[in-house]
Amino acid sequence: MTVTAPDVDRVVVDTWTSLLDIAPVRLARAPQPASNEDWVHAFVGVDGPWNGTVRVSAPRRLAARCAAVMLDVPLDVVDDATARDALGELANVVGGNLKSLLPPVCHLSLPSFEPTQPAEAGALVLAFDCAGDSLVVTVQPQTDRRGGIAAPD
């Protein structure tokens, strides 16, 4: 089984709509952030018959908005750590839903954070507009093992 662009699109839209009441709209291509420091990058690893990562990247402003909604607190009380943790939880939800489409038994890591790196060959990169902020989801198979993602639609 493979993860396709429509799978990622569906999972992202369902997750953001149900958890955050934000309806993402898929963009034709990923935006180029002005500065990597203005973005939060959370990822989860997948290990098993399919190996790779699911990365969720968003501007700090969107990560903070997500945290405020998830915690039901005013936006002005959300600090950077809380915004980062919220995006990590969203990466975990997206990764878990995509993992369910992969062959059994794949395992999901805890969310991690690091500056983004360019997607490698074979990655599936989808961008979304979330009420004026960009969101980028990258599904990256590990290049030295067998993987299963299909080319973007």
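In this structure, is residue 103 surrounded by fewer than 20 Cβ atoms within 10 Å (Cβ to Cβ) and either at pLDDT 95 or above or over 19 Å from residue 6 (Cα atoms) (or both)? Considered against the rule, which asks whether it is surrounded by fewer than 20 Cβ atoms within 10 Å (Cβ to Cβ) and either at pLDDT 95 or above or over 19 Å from residue 6 (Cα atoms) (or both), residue 103 comes out as no. Looking only at segment 83-100, residues that are farther than 22 Å from residue 129 by Cβ and crowded, with 17+ Cβ neighbours inside 10 Å come to 3 in all.
Looking only at segment 1-15, which residues are surrounded by 15 or more Cβ atoms within 10 Å (Cβ to Cβ), out of contact with any helix residue (DSSP H, G or I) (no Cβ under 8 Å at 6 or more places or on another chain) and in a helix (DSSP H, G or I)? Those that are surrounded by 15 or more Cβ atoms within 10 Å (Cβ to Cβ), out of contact with any helix residue (DSSP H, G or I) (no Cβ under 8 Å at 6 or more places or on another chain) and in a helix (DSSP H, G or I): 5, 9, 13. Taken over segment 126-144, the criterion of being more than 25 Å from residue 80 (Cα to Cα) and of a type in the set (Val, Ile, Thr) is satisfied by 143 alone.
The values are calculated or read from the model by the stated rules, or taken from the named source; none is laboratory data. The structure displayed is predicted, hence computed values, not measured ones. Every residue, glycine among them, receives a Cβ derived from its backbone with ideal geometry; neighbour counts consider all protein chains shown.
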